[in-house]
Amino acid sequence: MEINNTSSKDQRRVLVIDDDEGDCCLIEDVLSSDGIDVVTALGGERGIHALSDDIFPVVVTDLRMPDIDGFGIIDFINKRQMDTLVVVITGYASIDNVIEALRRGAYDYIIKPFSGDLLRLTIKRAFDFITLCNEREKWKYFDIVTQLAKTAAHEVFQPLTLVIGEANEIYKTAKDEEIKAMAHRVLEESRRIRDIVRKMDNLQDYVTKPFPGGHTIIDIEKGLSDKE
């Protein structure tokens with residue numbers, strides 16, 4: 001089972017929205033040096049257009065802009081239920097503005113003037129949070145599959161045990177060699193099915209293996225052997 005697929009929403013991409021071109025370039029320079037794909041939008045209206053056309057896991061937006069402000073950006077993202085974290089930047093050290101932005105759903109905030117290290121740390125925390133949420137979501141679905149597999153295993157195991165018992169009895173008592181051979185085949189296939197059912201019942205005993213390209217697979221066989 002593959003846990004992680006690379007898609008546009010999983011990439012380290014940031015949209016920077018600010019009506020000050022100098023601030024846009026500064027943020028772009030700092031984040032690009034860390035290998036982050038940065039797109040800049042000069043003003044809130046252009047930021048809205050960028051969000052409508054593409055996927056950005058993280059948005060860095062100024063709060064005060066003349067056309068559409070940072071609050072409008074947050075509301076736009078919320079109304080469209082985008083999986084996007086918003087970091088707001090404000091040059092006005094107003095705790096009320098910050099609280100309002102967080103109340104509307106902003107992930108974090110930075111007060112101007114700020115250092116490059118603070119910006120890097122804030123964006124790193126945002127991407128770490130996204131990774132954690134994605135992994136939790138994926139494991140939640142795997143837990144659902146695990147419970148379904150265990151339920152199916154329990155439903156199959158009892159009648160399968162009866163089949164094995166009956167086939168074994170026929171194999172021991174039958175005089176006709178053809179019937180004995182048929183019973184033997186039924187026994188072999190039933191035992192193979194039983195092994196599969198047991199693995200389904202212990203699906204939670206797995207280990208993960210990382211592979212290049214950001215992929216991870218679940219190894220049930222290794223998990224069972226380690227348990228034994």
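Quick notes on this one:
- Scanning residues 5 or more positions from F56 or on other chains, none has an amide H under 5 Å from its amide H, with H placed 1.01 Å from N in the peptide plane.
- Neighbour-count order for V60, V197, V86, fewest beta carbons within 10 angstrom listed first: V197, V86, V60
- Dipole of region 8-134 [Lys/Arg +1, Asp/Glu -1 at C-beta], most positive-end residue of F114, F71, F127: F127
- Cα-based shape type of region 59-112, given that a ≥ b ≥ c are square roots of the gyration tensor eigenvalues and the cut on a/c is 1.5: prolate
- Fully extended contour minus Cα-Cα distance, from L26 to Q81, at 0.36 nm per residue: 16.9 nm
- Overall form of region 8-134 per C-alpha gyration tensor (a/c, 1.5; a/b vs b/c): rounded
Where a number appears in this text, it was derived from the coordinates with a stated rule and is not lab data. No experiment lies behind these values; they were computed from the predicted model shown. For neighbour counting, all protein chains shown are included, and Cβ atoms are generated from backbone atoms with ideal geometry for every residue, glycine included.
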